[in-house]
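The values are calculated or read from the model by the stated rules, or taken from the named source; none is laboratory data. Everything numeric here is computed off the predicted structure, so don't read it as measured data. Because the Cβ atoms are built from the backbone with ideal geometry, glycine has one as well, and the counts that use them run over all protein chains shown.
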Amino acid sequence: MENSEKNFAIQKRLFDEIQKNLSAKCALVDIVSEVLEIGSDSAYRRIRCDKMLNIKEIYALCKHFNISFDLLMDVRNFHQPDYVYHPLDVSKPNDYQSYVLYISKSLEKLRISDGSNILMSAVDIPVFHLIYHKELTFFKLYTWAHSVYNYEGSFDDFVNAIATPELDGYYQKIIKDFELTPSTEIWTENTINTTISLISYYTDICKFPNKEFPLLLCEQLLKILDKLQTWAENGRKGNYTTPFQLYFSEIEIENTFILMRHSEASGCAVKLFTINTLIVSDQDFCIETGKYLTKLTQRSLLLCGIAEKERVRFFNAQREKVRFLMDKIQKSY
């Protein structure tokens, strides 16, 4: 009897955590039914703890919502790294929406914490800058679905399936919380190259119906560069007083690390492939990553404030690559 009560307490904790990750317009029973592939009545019985979840169902729910099983078991007081990896099939709108909601809640928690800041290296353009421009964001998602999950639909079909008003709201929330959180970024001369190569490749294989769309993506790339240059010049983000630092590394960066730190603990997101992310909360790993990124800033050139000559040179070189691609696109149609 005691074990049953304990198991149902864990089950209730799991559904409480899932509910926290859902938007107000998403019904818990519908999501549970979809993930477990069961009917609504069966889902209700599990949510009410009338029926106990089996181990496969617990695994499926934890995996889908990026919930650590240790959190449910309340495991503490011993050294055990905590890693969360969630394969992201962006052709499934609910899967991607849960992923974006996870980012939003993590950033909000960081923003309201004392002593919060972000330290990141950028092998590719960080998601925090991409989501200012929906077309560019959806394009990166589309290329991932096309190359990894063999998505055969058109770009328009993909956007129609994945775009929702809720997603727009999450994007705007992430943008605001990011602009209110102090951050330091380390870029290289190749940070935008992956995105440029993708636009060029999908233009070459005729995945765009007309030249206006790839040109729009290029224009959005230029807007990202304009915004970054303004932030670097002012040493702050947008219309806020939030501190911002941008470094240029002449040596190639090993990976994209997003270290989120506050007064009590740290968390690190390690970018894998084009979109997927490994979340690490082990403090030893975060400390080592912090040391690596701090050392990298010391070997890099700060582009903020009075470093006008170096800042202008860096951004002009990046814009030249984008404009070269725009000329190529115009000549190809």
Open item on the list: Tell me yes or no: at least one residue of region 262-283 is in the same structural domain as Tyr132 (by TED's automatic domain parsing) and assigned to a helix (DSSP H, G or I).
Closed with: yes
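If you check Ser183, Ser147, Ser154, which single one turns out to be crowded, with 18+ Cβ neighbours inside 10 Å, out of contact with any helix residue (DSSP H, G or I) (no Cβ under 6 Å at 6 or more places or on another chain) and assigned by TED's automatic domain parsing to the domain that holds Thr242?
Numbers: Ser147 fails: crowded, with 18+ Cβ neighbours inside 10 Å; Ser154 fails: crowded, with 18+ Cβ neighbours inside 10 Å.
Of the residues listed, the single one that is crowded, with 18+ Cβ neighbours inside 10 Å, out of contact with any helix residue (DSSP H, G or I) (no Cβ under 6 Å at 6 or more places or on another chain) and assigned by TED's automatic domain parsing to the domain that holds Thr242 is Ser183.
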Task: Number of the condition not met by Ala9 [criteria: (1) among the hydrophobic types (A, V, I, L, M, F, W, C); (2) farther than 30 Å from Pro165 by Cβ; (3) modelled with pLDDT of 90 or more] - done: (3)
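So which residues in region 25-47 are part of a loop (DSSP other than H, G, I, E, B), at pLDDT below 90 and not small (Gly, Ala, Ser)? Let's see the steps before the verdict.
Residues of region 25-47 that are part of a loop (DSSP other than H, G, I, E, B), as a first pass: 25-27, 37-39.
Restricting the remaining residues to those that are at pLDDT below 90 gives 25-27.
Once the filter is applied, which keeps residues that are part of a loop (DSSP other than H, G, I, E, B), at pLDDT below 90 and not small (Gly, Ala, Ser), region 25-47 yields Lys25, Cys26.
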TODO: Kindly check whether there is at least one residue in region 268-287 that is small (Gly, Ala, Ser), free of Cβ contacts under 8 Å to residues at least 24 places away in the same chain, exposed (fewer than 13 other Cβ atoms within 10 Å of the Cβ) and closer than 27 Å to Ile103 by Cα.
DONE: no
Task: Tabulated pairs, region 133-150, first within 17 Å of Asn276 (Cβ to Cβ), second crowded, with 18+ Cβ neighbours inside 10 Å and small (Gly, Ala, Ser), C-beta under 8 angstrom, 6+ apart or interchain - done: Ala145/Ser91; Tyr149/Ser91
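From Asn316, Asn276, which residue is under 30 Å from Leu216 (Cβ atoms) and under 20 Å from the mean Cα position of the chain (by Cα)? If you could, list the steps in order and put the result at the bottom.
Values: Asn316 fails: under 20 Å from the mean Cα position of the chain (by Cα).
Going through Asn316, Asn276 in turn, just one is under 30 Å from Leu216 (Cβ atoms) and under 20 Å from the mean Cα position of the chain (by Cα): Asn276.
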Task: Extreme residue, modelled with the lowest pLDDT, among residues of region 85-113 that are more than 14 Å from the chain's Cα centre (by Cα), within 19 Å of Cys268 (Cβ to Cβ) and charged (D, E, K, R) - done: Lys109
Task: All positions within region 157-170 that are surrounded by fewer than 20 Cβ atoms within 10 Å (Cβ to Cβ) and not hydrophobic (A, V, I, L, M, F, W, C) - done: Asp157, Asn160, Thr164, Pro165, Glu166, Asp168, Gly169
Open item on the list: When you check Gln318 against the structure, is it at pLDDT below 95 and either touching a strand residue (DSSP E or B) at 6+ places or on another chain (Cβ under 7 Å) or surrounded by 11 or more Cβ atoms within 10 Å (Cβ to Cβ) (or both), yes or no?
Closed with: no
Open item on the list: Are there strands (runs of 3 or more DSSP E) fully within region 159-261 with at least 2 residues that are within 21 Å of the chain's Cα centre (by Cα) and over 22 Å from Tyr99 (Cα atoms)? List them.
Closed with: 183-187, 244-248
